[in-house]
Amino acid sequence: MPLNFDLAGKTYPASEQEVTADQIVEYAAASGDDNPRYRPGLDQVAPPVFPVVPAFAELGRVTTDPDLGVDNPLMIVHGEQEFRYHRPIRPGDKLTLNPTLERVEDKGRHATFVAKLAMTGAAGEPVVDQYATIFVRGGGSGEERPKSDTAISGPREGDDAVAEFSRHVDAAMPARYAAASGDHNPIHLDDGVAKMVGLPGVINHGLGTLSLVAGGLVEHLCGGDPARLRRLTVRFTDMVFPGSDVATTVVGGEGGPYRFATTRADGTAVMVGEVETG
């Protein structure tokens, strides 16, 4: 069944959540990020990808909206994610979460939708805006559609690297990340379910891999200070397997955003993205 392409623009009731120091610590540990800014103390802030924790249930409301028409949640793939940071999230923050279904697009056989979550603080000030682009296999009309080029680009041939680093995705990361993020999708936890939907086995959470890479981006581009991030956006392009290594190359930054690509050991790009700092 195709998605409801006329549902774009639908808003959902706001909710509130309070962020705790323990949540921040747990998420940083699940991400393999030992930056001291994430430890309890007067200057504790949340990691760059942490906003998905309070957002998870709210974005889930959009995904499971019966009016949208996602029949089988196992057929969805997280395609892109963007964070726009207005200020860091801190322990004790009482956040108001405002979900919106930004777009629903027919891609022919498949479909995509974009869920936005605007987070504001106790005084109504903007904190983080995030956008999740979800790819729904088999959710299109089946009619031929022109292909559109994504605006998210990684390094190009001939670009000089301004930073390079590697990270290890340990075998226990999917379970650890599921507990910290709230995302217990069985394709990240159960080999049998993963193979049932056509995957070779359990794969790492896309956002889990991003959280691992984001630690390196903060280290190399922000001098270890996550409060300097202004925007982080990524397109997920392939799978990451527990027990493997990923390598990231960063270019640009001169009068524009940094661009990065993260690859598996076989050279396959698993994500490309852009970073803006201040």
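The values are calculated or read from the model by the stated rules, or taken from the named source; none is laboratory data. Values in this document were obtained by computation on a predicted structure and should not be read as measured data. Quick reminder, even Gly has a Cβ in these numbers, built from the backbone with ideal geometry, and neighbours come from all protein chains shown. Areas reflect the complete protein model, heavy atoms only, side chains present, ligands, DNA and RNA absent. Shrake-Rupley method; radii C 1.70, N 1.55, O 1.52, S 1.80 Å.
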- request: Hand me the tally of lysine pairs in the chain: alpha carbons under 21 angstrom apart, and the pair either on different chains or 8 or more positions apart.
  value: 5
Options (i) 13.8; (ii) 14.7; (iii) 15.4 - which one matches mean projected area of the Cα convex hull in nm² as calculated here: (ii)
query: Got the relative contact order for region 1-71 handy, in percent, Cα pairs under 8 Å and 6 or more residues apart?
result: 42 percent
query: What length, rounded to one decimal in nm, is gained on full extension from Arg231 through to Val77, with 0.36 nm per residue of separation minus their alpha-carbon distance?
result: 53.2 nm
field: Charge context of Glu125, other residues only, Cβ under 13 angstrom, K/R +1, D/E -1
entry: +1
message: Sort 113-123, 31-41 by the packing proxy (mean of other Cβ within 10 Å over each peptide's residues), most packed first.
response: 113-123, 31-41
- prompt: When N is the residue count of region 1-91, what does its C-alpha Rg come to as a fraction of 2.2 N^0.38 Å?
  reply: 1.34
task: For every other residue with a beta carbon closer than 10 angstrom to the beta carbon of Tyr85, add +1 if it is Lys or Arg and -1 if Asp or Glu, then tell me the sum.
output: +3
query: In a shell of Cβ-Cβ distance under 10 Å around Gln44, excluding Gln44 itself, what net charge do Lys and Arg (+1) and Asp and Glu (-1) give?
result: +2
Per residue, in Å², the accessible surface of region 1-159 once ligands and nucleic acids are set aside, probe 1.4 Å: 51 Å²
field: Within region 208-254, trypsin sites (Lys or Arg not before Pro) in DSSP loop having at most 12 other beta-carbon neighbours inside 10 Å
entry: none
message: Using a 7 Å offset from the Cα along the Cα-to-Cβ direction at both Ala8 and Thr268, what is the distance between the two label points in nm, to one decimal?
response: 3.2 nm
Alpha carbon centroid spacing (whole Å) that separates region 1-61 from region 233-270: 22 Å
message: With a 1.4 Å probe and all protein chains left in place, how much accessible area per residue does region 203-265 have, in Å²?
response: 34 Å²
statement: Scoring the chain by relative contact order with C-alpha pairs under 8 Å, at least six apart, yields a percentage of 21 percent
- prompt: Where in the chain are the DSSP H helices whose C-alpha atoms run 15 Å or more along the long axis and whose mean Kyte hydropathy is at least -1.0?
  reply: 52-63, 206-221
task: Output the relative contact order of region 1-147, whole-number percent, from Cα pairs under 8 angstrom with separation of 6+ residues.
output: 32 percent
